[in-house]
Amino acid sequence: MRKNIVAGNWKMNKTLQEGVALAKELKDALSGVKANCEVIVAPPFIHLASVADAVKGSVVKVAAQNCSDKESGAYTGEVSPAMVVSTGASYVILGHSERRSYYGETNAVVKAKVDAAIGNGLNPIVCVGEVLEERENGKFFDVVSAQVKESLFHLDASAFGKVVIAYEPVWAIGTGKTATAEQAQEMHAFIRNLIAEKYGSEVAENTSILYGGSCKPSNAKELFANKDVDGGLIGGASLKAADFMGIITAF
């Protein structure tokens, strides 16, 4: 059975002290609550160890927002997968649309990072999705298909089983626009079908596919009701414990 997952990507927000306070607030809010999903928070790199310590003993798991494809060496400013693991994190977000658009990360770069992450025992949350122009010109299936295939389909079935996919309609991130529940389901089903064609239906049915486009407490229940939407990769709404809890309890 695939997992339902609600993951909060804090992006470049919160000081270390604010991040630890938010993590503790979330831990307290979840105590005594039976969450029907896996809960993950992805703070900035410098917060990882402190946040992992703050949520220890709770259901909350910790993710990095990125990692290098290199193991070690003269790569100033980079953070290796082994370093991420050493903080207590168990997940890493890779190929986020902001990494692709602002920092030029290609499918080949994401592929290398996926290999490095899995090789160090991390579970990658790999982001795919189209920009507004690609949505409007009808190329969105082609774009997402290429991202999935070129970033992930070199893996064997065992390694692929460690991957979570997050579909981000890039035109719906931070814009206030949201893909309709029908649009989300359509793309999630398309991605699951791609996986089934490559790895078989059992692997496809066991792969968690998250929605990552302006998911809020007000629309989470409708989005999560779709049979191929297994949760959300949450941005702004993960920065307040009450909002994030509103999405967690949508399951």
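Computed extension gain for Ala82 through Met1, at 0.36 nm per residue and net of the alpha carbon distance, reaches 26.3 nm. Note on Tyr102 and Phe45: with the Förster distance fixed at 22 Å, the Cβ-Cβ geometry gives a FRET efficiency of about 0.85. Straight-line cross-link partners of Lys162 among the lysines, defined as a Cα under 18 Å from its Cα and at least 8 positions apart when in the same chain: Lys3, Lys61, Lys111, Lys113, Lys149, Lys198. Remark: the stretch 95-106, residue by residue, has Karplus-estimated 3J(HN,Hα) of x, 4, 4, 6, 5, 5, 7, 7, 10, x, 6, 9 Hz, where x stands for each Gly or Pro and the curve is 6.51 cos²θ - 1.76 cosθ + 1.60 at θ = phi - 60°.
Relative contact order of the chain, taken over Cα pairs closer than 8 Å and 6 or more residues apart, is 22 percent. Charges were assigned to the Cβ only: +1 to each Lys and Arg, -1 to each Asp and Glu. The resulting dipole of the chain about its Cα centre is roughly 580 debye.
Full extension of the chain segment joining Ser90 with Glu25 gains 21.3 nm, where the gain is 0.36 nm per residue of separation less the Cα-Cα distance. Helical runs (DSSP H, four residues minimum) scored at -39500 (n - 2.57) apiece and divided by the length of the chain put the mean residue ellipticity at 222 nm at -12000 deg cm²/dmol.
Shown here: the stretch 5-248, whose C-alpha atoms stretch 45, 44, 34 Å along the first, second and third principal axes, sorted largest to smallest. Expressed per residue, the C-alpha convex hull volume of the stretch 1-126 stands at 114 Å³. Around the Cα centre of the stretch 123-218, unit charges on the Cβ atoms of Lys, Arg, Asp and Glu (plus for the first two, minus for the last two) sum to a dipole of about 240 debye. If you wrap the tightest convex hull around every Cα atom of the stretch 72-195 and split its volume per residue, you get 125 Å³.
Could you tell me which of Gly57, Gly119, Ile173 has its Cα farthest along the dipole of the chain towards the positive end, charges placed at Cβ (Lys, Arg +1; Asp, Glu -1), taken about the Cα centre? Farthest along the dipole direction, towards plus: Gly57. Considered as an equivalent ellipsoid built on the Cα gyration tensor, the stretch 151-194 has semi-axes of 26, 12, 7 Å, the largest given first. Using amide H atoms built 1.01 Å from N in the peptide plane, name the residues 5+ places from Ile5, or on other chains, whose amide H lies under 5 Å from its own. Answer set, sorted by chain and number: Glu38, Gly231, Gly232. Backbone phi angles across the stretch 223-230, fed through the Karplus curve with coefficients 6.51, -1.76 and 1.60 (θ = phi - 60°), yield HN-Hα couplings of 5, 6, 6, 6, 5, 9, 9, 9 Hz in residue order; Gly and Pro are listed as x.
The length gained by stretching the chain between Glu205 and Ala74 to full extension, at 0.36 nm per residue less their Cα-Cα distance, is 43.0 nm.
Since every read-out is calculated from the coordinates, none of them should be taken as a lab result. None of these values were measured; they are calculated from a predicted model. Neighbour counts are summed over all protein chains in view; Cβ atoms, including those assigned to glycine, are modelled from backbone coordinates with ideal geometry.
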